[in-house]
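Chemist: Provided herewith is a single structure, encoded as structure tokens, for subsequent inquiry.
The values are calculated or read from the model by the stated rules, or taken from the named source; none is laboratory data. Predicted, not measured: the structure shown is a model, and the values here were computed from it. Note: ideal-geometry Cβ built from the backbone for every residue, glycine included; neighbour counts use all protein chains shown.
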Amino acid sequence: MASQTDGLSSAWGPRTEGLRTLPATKRWTRRDIGRLAAAMTLFAPHVARGQNRARVVVIGGGIGGATLARCLAAGGTLDITIIEPKSAYTTCFFSNLYLGGLLSFAQLIHTYDALARRPGVTIIRDFATMIDPAARIVRLRGGATLPYDRLAVTTGATIRDGTIEGYDAAAMQVMPHAWKAGEQTLTLRRQLESMPDGGLFVMAAPPDPFPCPPAPYERVSLIAAYFKQYKPRSKIIVLDAKDTFVGEDLFQDAWNRYYPDMIEWLPAQWIGGIKAVEPGTLTVLTENDHFKAAVVNVIPAHRAADPALQAGLADASSWCPVDPVTFESRLQAGIHLVGDAIIGGDMPKTAFAANSQAQACAVAIAAILAGKVPAKPPLANTCYVHVAADDAWRNAAQFEPVAGRIKSLYADVSRVNDTPETRREIVRQAASWYEKFTNDLFG
Ligand SMILES: Cc1cc2nc3c(=O)[nH]c(=O)nc-3n(C[C@H](O)[C@H](O)[C@H](O)COP(=O)(O)OP(=O)(O)OC[C@H]3O[C@@H](n4cnc5c(N)ncnc54)[C@H](O)[C@@H]3O)c2cc1C
């Protein structure tokens, strides 16, 4: 599908989506970024003397990194190097639809071929092992050292080790988290397919913050939809590390309507927290009980991924504080972060949010390199959340930086009493969002 947007407006979506109307706010255009990038002339204030073009290195070719590179390339005046170990990007978003049998795995995979053809963009297939903020260099596993004028670290979040006793690398093979799309997702789907009718599926849901707050419950909904069709005597228990979760009323309503008596959600205050796992017996131990299942999906606590921690970009929370206008680290000058790794204030950790932050960050980098003061950015997020094959709800929100923090401006959330046609319309919007969003970045 041809892109009309150059990866820019997808963070906003249409103003009116066949539902309620969002208030109009400023949005970035391709021209905004192109104009700023074009202003970066030879010997611009922040480019080393004797160097023709400013060098921006982007660690991580996920949603934040791909958006940044895509936007910065629009100006045609920068050297942009993306460091990414994988040959293709597999989206975590919509991986729950694969687990529910609604999409093929191949539909989640997007190659870097088109991004690599953007002006000024080079993709190095390697892993960043070390950042030296003082020397302004990045070291790669393959041995190379890359100098930069501006660095973006967009390596996302990862599992925090040691929060659930016994949940080590070997246990992950047996009780997959499937919170990184790839082999883990395939393993979980295979386990669901081979589970007998009447089996028990147990999910250990994570504490906040973690990528995509509604996703554990969307996963439960779509696995229930699969069970309802193929293994109707099966049961699902969610052992939660929290006492509430995002969209609880919408999920509980859907579970009662579509999957009565199939799903039991147990909050932390009832179970006393998730303490340990026994992979050998497929058992999850809580403070007060133990749960032996046919398939176990353990999603532990998260933290910012390693390069950010190693470079001193994270605070004691293991997440990275940033300036919400420039997305420059509050701890290391010259390094920007967007996406799952940051302390995002009211913004959740989603692909939509990472894309919106990366657009703002690209404008800020272009402005800084041109010796200008970055403007306050518009920021947005929309979550489309499936509860059945033809029923989804959404939360469309807008944000802005206020006193050094990202604050919520406005949110439009689906309601329990929405009509079935409204919900079907959101399913259609979600599908077209996915196609356009991934095509803008990787197509
Ligand atoms: C099950 C699930 C469902 C979800 N559903 C949705 C949804 O419906 N909508 C939505 O908006 N969001 C959803 N999300 C969240 C979304 O996937 C993330 O918020 C988004 O991918 C974050 O983007 P990012 O750029 O921060 O990180 P990522 O997209 O995770 O990219 C990080 C990249 O960095 C690379 N990397 C890591 N370490 C290094 C290194 N040392 N050197 C070089 N590269 C490195 C990785 O290979 C990866 O490509 C979902 C997440 C999950 C788990």
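Chemist: For the condition away from the ligand (no atom under 16 Å from the Cβ), among the aliphatic types (A, V, I, L, M) and in contact with a helix residue (DSSP H, G or I) (Cβ under 8 Å, 6 or more places away or on another chain), what is the one hit in A367, A353, A392?
Modeler: One residue alone meets the criteria, A367.
So that you can scan it fast, the table gives a plain yes or no per residue for (1) in a loop (DSSP other than H, G, I, E, B); (2) over 18 Å from F93 (Cβ atoms):
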{"site": "H177", "(1), (2)": "yes, no"}
{"site": "A181", "(1), (2)": "yes, no"}
{"site": "L186", "(1), (2)": "no, no"}
{"site": "L192", "(1), (2)": "no, yes"}
{"site": "D197", "(1), (2)": "yes, yes"}
{"site": "D208", "(1), (2)": "yes, yes"}
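Chemist: Right, here's the next one. Please tell me if G182 is surrounded by fewer than 21 Cβ atoms within 10 Å (Cβ to Cβ), of a type in the set (G, A, S) and closer than 21 Å to G61 by Cβ.
Modeler: yes
Chemist: Follow-up question, since we're still on this one. Which count do you get for residues in segment 362-394 that are among the hydrophobic types (A, V, I, L, M, F, W, C) and within 20 Å of P211 (Cα to Cα)?
Modeler: Going through segment 362-394 one residue at a time, the tally reaches 7.
Chemist: Something else now. Scan D289, D315, D261 and give me the residue that is of a type in the set (D, E), modelled with pLDDT of 95 or more and under 23 Å from E400 (Cα atoms).
Modeler: Only one candidate qualifies: D315.
Chemist: Go through the residues of segment 339-357 one by one and say whether even a single one is over 24 Å from A74 (Cα atoms), surrounded by fewer than 19 Cβ atoms within 10 Å (Cβ to Cβ), in contact (Cβ under 8 Å) with a residue 40 or more places away in the chain and charged (D, E, K, R).
Modeler: For segment 339-357, residues over 24 Å from A74 (Cα atoms), surrounded by fewer than 19 Cβ atoms within 10 Å (Cβ to Cβ), in contact (Cβ under 8 Å) with a residue 40 or more places away in the chain and charged (D, E, K, R): present.
Chemist: Same structure again: Report, by residue number, each residue of segment 248-282 that is under 29 Å from the mean Cα position of the chain (by Cα), closer than 28 Å to A170 by Cβ and of a type in the set (S, T, N, Q).
Modeler: none
Chemist: In addition: Go through segment 99-141 and count every residue that is within 17 Å of the chain's Cα centre (by Cα) and either of a type in the set (A, V, I, L, M, F, W, C) or not in a strand (DSSP E or B) (or both).
Modeler: 2
Chemist: Mind telling me which of the residues V153, V138, V121 ends up being touching a residue at least 24 places away in the same chain (Cβ under 8 Å), more than 13 Å from the ligand (Cβ to nearest atom), surrounded by 15 or more Cβ atoms within 10 Å (Cβ to Cβ) and farther than 19 Å from W179 by Cβ?
Modeler: On inspection, the qualifying residue turns out to be V121.
Chemist: Another question, then. Six or more apart or on different chains, Cβ atoms under 9 Å: show the pairs whose first residue is in segment 101-116 and modelled with pLDDT of 95 or more and whose second is among the charged types (D, E, K, R).
Modeler: G101/R189; G101/E193; F105/R189; Y112/E84; Y112/K86; Y112/R125; L115/R70
Chemist: Another one. List pairs: first residue in segment 42-68 and under 16 Å from Q357 (Cα atoms) and within 9 Å of the ligand (Cβ to nearest atom), second residue of a type outside the set (S, T, Y) and modelled with pLDDT under 70 anywhere in the structure, Cβ distance under 7 angstrom, at least six positions apart or on different chains.
Modeler: T67/G7
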